[in-house]
Structure formats: structure tokens, C-alpha cells
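Working notes, beginning with the structure itself.
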Amino acid sequence: MPTDALLDDAGALAAAVSGPPIGDSIALSHDEDGTVVTSCGECGYAFGPADRDPKLGAVMRERSIADLSPLNAEGMTERLVARHFHCPQCALLLAVNVQQVGDPIMLEWRLDVDGKGA
Ligand SMILES: [Zn+2]
């Protein structure tokens, strides 16, 4: 990777840390050790290192897909579940994933905080 690209990546990361939330709910900040972490865009709660999906530091509750829409009550309510991920401190909703019952948490986040690539 060209040096300029690394500098651009580092500059972009520095601008994103302590900047406005990414989307509606996740922000980047530094913890007391200087590690870049994901944090709640509302209250600042740290979910964990920024290279890890913030859902892994959130509170999850599972609800029937019929709670999302009455139309969902017509099929697959035994096989599918709606997983809601919330900030443990202020309850801000981070994400909702519809998945098969028993499947692992769907990881959707990848952030290269050290410039080494994925
Ligand atoms: Zn919060």
C-alpha cells in the first residue's frame, strides 16, 4: 500500500475518532488507555475495541418477528427471531437483525484501526 494511502487512512481515522456518530448510534472515541473504541452516540458508553463489532458489547433481546409486523405472524415465526441490540447504559437501539433461531450474532462491523488491512 502506498505511504500516502496510509497517511490518508490515519487522517481519516483521526478525524472520525471523537467526531460525530457514524450513522445514528455508534461513535468512535479513545478510552483511558488511548485505544480506539466504539461508543454510544447518545451517552458515550464504550462497547469495546473499534475493530470488534459493537453489538458484542451491547445488550441483546430477542423478540418474535411478528412484533416487527403483524404480516410476519403468517410464517416462519418458529424459525426466525428479531434480535435487538441496545446500549447497556441508555438503551439506545443500535441494530435489529432478523436471523434463524440459534444462529450466532451476525457480525457486520469491520474497522481497520491499525492500518494493517483485513
Ligand atoms: Zn448509550
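The values are calculated or read from the model by the stated rules, or taken from the named source; none is laboratory data. The model shown is predicted, which means the values in this text are computed figures rather than measured ones. Cβ coordinates were reconstructed from backbone atoms using ideal geometry, including for glycine residues, and neighbour counts include every protein chain displayed.
Scanning region 63-87 for residues that are under 30 Å from residue 112 (Cα atoms) and outside any loop (DSSP other than H, G, I, E, B) returns 82, 83, 84, 85, 86.
A single member of 91, 95 is within 16 Å of the ligand (Cβ to nearest atom) and in a loop (DSSP other than H, G, I, E, B), and it is 91.
The single condition from (1) surrounded by 11 or more Cβ atoms within 10 Å (Cβ to Cβ); (2) at pLDDT below 95; (3) within 16 Å of the ligand (Cβ to nearest atom) that residue 17 fails is (3). Residue-level check: of (1) within 17 Å of the chain's Cα centre (by Cα); (2) assigned to a loop (DSSP other than H, G, I, E, B); (3) more than 11 Å from the ligand (Cβ to nearest atom); (4) modelled with pLDDT of 90 or more, residue 24 misses just (4).
Of all residues in region 27-64, those that are surrounded by 15 or more Cβ atoms within 10 Å (Cβ to Cβ), away from the ligand (no atom under 13 Å from the Cβ) and within 17 Å of residue 104 (Cα to Cα) total 4.
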